[in-house]
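Input: a single structure, listed below in structure tokens.
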């Protein structure tokens, strides 16, 4: 499942006019936008392609786009015509139902059994085709074809990096309140395809993807010894990162995948360390008597954000790896924790605790322009989608009996709009989610 799926992709744009693109592009920085109306026709099928597979791809594309809050999916019953792939749409008819974008698609079964997906995107107001792509993949990759198609449409209409062809790794908690088990699990970003990566015998926490999506680094209490481990997603093989002579936790890969930042407890003091995977060497990065934890690399790998009580309360600091200098960046009311640098480097997401409430927010890397995105009884572990437009986190609801509590995995836009739950199977609580890079 996790081996690379090879896609043959051909993309081209026909009769592109800059004015039409400007008309269609969504302003997704604003706090509230008028959604673009997108009409996605029923897929044509050819050479024995399965109609149910075609319908699945269409459903995936529509669901992906709708969840962003940036697009309105036009009701199928309102369509004025069916336009074949070799025909021109009646733009006047589509404009009459207020569709701004029309998408045509064809699914073809190739001689080797693979699927070819062709689709056209039309600017109804501009009366022109603005995108055309052809994708080839195995029949097992039907849902992934839908995610890639949705990414292409999203990127064409927003100018931003798509995030639908991605996965989320998290801790799945199941069982009665007094017998709960925690297992590492992985799923598509929409909740589909969930599978477990660890058994019920070992307590695991804090999973994070490697940049190349080949492995996951995590904390394991194997044999009651809290240590950082690495799981190979292709083979399922696990190995301990190293022998560090103390409890180690909160691991994060560097952007180039050659280093892992982690917290290590020695002589009762917790500091940030960096493990070089090529040299098999460990380097201490912070010192003193403070508790330093939750490291997160900047996208260029030259800085690390972490939380520390070195100033007297839990706050976020930035470590410059070139100079060794440390700067505190949070000064607002409350305690700050779990920093996560956005992929584009423009923001740091964080958890904040103030007035008996937990918050998830974002701020500039210098700590300015703090913006709260969500608040609740308990929420933690923000993680960024590719493109730096959305954040995933988990929220635990306080139960009326104060015992049976339910944890949800939720996603929010950086505007603070469009919060939604990612569907999990009944009886599964989701915790500590991490969003993957785009799949290879």
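The values are calculated or read from the model by the stated rules, or taken from the named source; none is laboratory data. On a predicted model such as this, the values are computed, not experimentally measured, just so you know. Here the Cβ is made from the backbone with ideal geometry for all residues, glycine too, and neighbour counts use every protein chain on show.
Please specify each residue of region 230-248 satisfying the condition of being part of a strand (DSSP E or B) and buried (at least 19 other Cβ atoms within 10 Å of the Cβ).
The answer is 230, 231, 248.
Has region 69-90 got at least one residue that is at negative phi, buried (at least 17 other Cβ atoms within 10 Å of the Cβ) and either part of a helix (DSSP H, G or I) or free of Cβ contacts under 8 Å to residues at least 12 places away in the same chain (or both)?
no
Inspect region 205-226 for any residue being touching a helix residue (DSSP H, G or I) at 6+ places or on another chain (Cβ under 9 Å) and in the same structural domain as residue 260 (by TED's automatic domain parsing) and give the result as yes or no.
Checked against the condition, which is being touching a helix residue (DSSP H, G or I) at 6+ places or on another chain (Cβ under 9 Å) and in the same structural domain as residue 260 (by TED's automatic domain parsing), region 205-226 yields no hits at all.
Restricting the search to region 409-422, which residues are farther than 20 Å from residue 348 by Cβ and buried (at least 19 other Cβ atoms within 10 Å of the Cβ)?
Within region 409-422, 409, 422 qualify.
Considering only residues that are part of a loop (DSSP other than H, G, I, E, B) and surrounded by 20 or more Cβ atoms within 10 Å (Cβ to Cβ), which ones fall in region 152-162?
Passing the criteria: only 162.
As an exercise: evaluate residue 165 against (1) surrounded by fewer than 22 Cβ atoms within 10 Å (Cβ to Cβ); (2) out of contact with any strand residue (DSSP E or B) (no Cβ under 7 Å at 6 or more places or on another chain) and give the number of the one condition it does not meet.
Evaluating residue 165 over (1) surrounded by fewer than 22 Cβ atoms within 10 Å (Cβ to Cβ); (2) out of contact with any strand residue (DSSP E or B) (no Cβ under 7 Å at 6 or more places or on another chain) leaves (1) as the failure.
Results for (1) at pLDDT below 95; (2) assigned by TED's automatic domain parsing to the domain that holds residue 211; (3) surrounded by 20 or more Cβ atoms within 10 Å (Cβ to Cβ); (4) under 22 Å from residue 71 (Cβ atoms), shown as yes or no for each residue.
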{"site": "136", "(1), (2), (3), (4)": "no, no, no, no"}
{"site": "139", "(1), (2), (3), (4)": "yes, no, no, no"}
{"site": "146", "(1), (2), (3), (4)": "no, no, yes, yes"}
{"site": "150", "(1), (2), (3), (4)": "no, no, yes, yes"}
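Tally time: how many residues in region 165-212 are part of a loop (DSSP other than H, G, I, E, B) and under 24 Å from residue 420 (Cβ atoms)?
Within region 165-212, residues that are part of a loop (DSSP other than H, G, I, E, B) and under 24 Å from residue 420 (Cβ atoms) number 8.
Count, please, the residues in region 261-302 that happen to be surrounded by fewer than 18 Cβ atoms within 10 Å (Cβ to Cβ) and either part of a strand (DSSP E or B) or outside the structural domain of residue 383 (by TED's automatic domain parsing) (or both).
7
Mind telling me which of the residues 129, 104, 116 ends up being in the same structural domain as residue 56 (by TED's automatic domain parsing), within 16 Å of residue 42 (Cβ to Cβ) and in a strand (DSSP E or B)?
Answer to the selection: 104.
Criterion first (within 21 Å of residue 272 (Cα to Cα) and more than 22 Å from the chain's Cα centre (by Cα)) does residue 256 satisfy it?
No; evaluated as a whole, the condition is false for this residue.
Condition first: surrounded by 18 or more Cβ atoms within 10 Å (Cβ to Cβ) and closer than 19 Å to residue 263 by Cβ. Can you find one or more residues in region 355-370 that meet it?
Taking every residue of region 355-370 in turn, none turns out to be surrounded by 18 or more Cβ atoms within 10 Å (Cβ to Cβ) and closer than 19 Å to residue 263 by Cβ.
Hey, can you tell me all the residues within region 119-132 that are within 14 Å of residue 83 (Cα to Cα), surrounded by fewer than 23 Cβ atoms within 10 Å (Cβ to Cβ) and within 26 Å of the chain's Cα centre (by Cα)?
none
Taking residue 342, is it under 24 Å from residue 174 (Cβ atoms), touching a strand residue (DSSP E or B) at 6+ places or on another chain (Cβ under 8 Å) and modelled with pLDDT of 95 or more?
Against the criterion (under 24 Å from residue 174 (Cβ atoms), touching a strand residue (DSSP E or B) at 6+ places or on another chain (Cβ under 8 Å) and modelled with pLDDT of 95 or more), residue 342 does not qualify.
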